[in-house]
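Each remark here refers to the structure printed beneath this line.
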Amino acid sequence: LIFIKPGHVHLKEKVLKRLDMFGRRIMHKELDKAPRRIIEEHYSPHKAKSFFKELVEEFADKPVVVAIYEGEDVIQKVIDATGPTDPLKAPKGTIRRDFTDEKVWKMETGPRLMNNVMHRSDHPKEFEREFTVWKEIFDGK
C-alpha cells in the first residue's frame, strides 16, 4: 500500500507511473480529504511518539492518493524505488530523492521526514494492517 502525501499529490502521475514499472496497480483512489480517523489509525503504531499529533495534522482532511500494487516481490521493489524515509539519505533515482521539493532539504529531520513524497508499506504484515485501515476507502464507503 502506498499513499502520496498532501504536498505531493500534484506529482501523482509521475509517482504512479514510476511505481507501475514495479508491480500491477490493482486499486487506487484519489481523496480530496483523507479522513482523520483513518490517518490516526494508519499511524497508530506511532501513537506514543512525540510527533504523532503533528503527523496526523499533516495529513488528516487533506488530499492524498492511495494505491495498492501486486506482483512478485512488489513490496521490496517499491521500497527500492521509493528510497529511505529521509529524502536526504535517498539515492538519486528514487522517488523520495527525485520528487522532494528543494525547500524540504533545509528542514529539520522531523518535518523533512513527513515531507518525503509518499508512504509505503515496509513488509507484508504492515501491508495487511494498513489495508485493513484503508479498506473502506477502496470499498467506496
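Tabulated data
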| read-out | value |
| --- | --- |
| Among (1) modelled with pLDDT of 95 or more; (2) closer than 21 Å to residue 128 by Cα; (3) open to solvent by less than 60 Å² (accessible area, probe 1.4 Å); (4) in a helix (DSSP H, G or I) - the single one residue 18 does not satisfy | (2) |
| Number of the condition not met by residue 16 [criteria: (1) in contact (Cβ under 8 Å) with a residue 12 or more places away in the chain; (2) touching a helix residue (DSSP H, G or I) at 6+ places or on another chain (Cβ under 9 Å)] | (2) |
| Criterion: of a type outside the set (Lys, Arg), open to solvent by 50 Å² or more (accessible area, probe 1.4 Å) and outside any helix (DSSP H, G or I) - qualifying residue of 30, 54, 13, 41 | 30 |
| Hits in region 105-141 - residues which are in a helix (DSSP H, G or I), among the aliphatic types (A, V, I, L, M) and either modelled with pLDDT under 90 or open to solvent by 70 Å² or more (accessible area, probe 1.4 Å) (or both) | 113, 114 |
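The values are calculated or read from the model by the stated rules, or taken from the named source; none is laboratory data. Since the structure is predicted, the reported quantities are computational estimates derived from the model, not experimental observations. Positions of Cβ are generated from backbone atoms using ideal geometry, with glycine treated the same way; all protein chains shown enter the neighbour counts. The accessibility values were calculated without ligands, DNA or RNA, using every heavy atom of the protein model including side chains. Shrake-Rupley method; radii C 1.70, N 1.55, O 1.52, S 1.80 Å.
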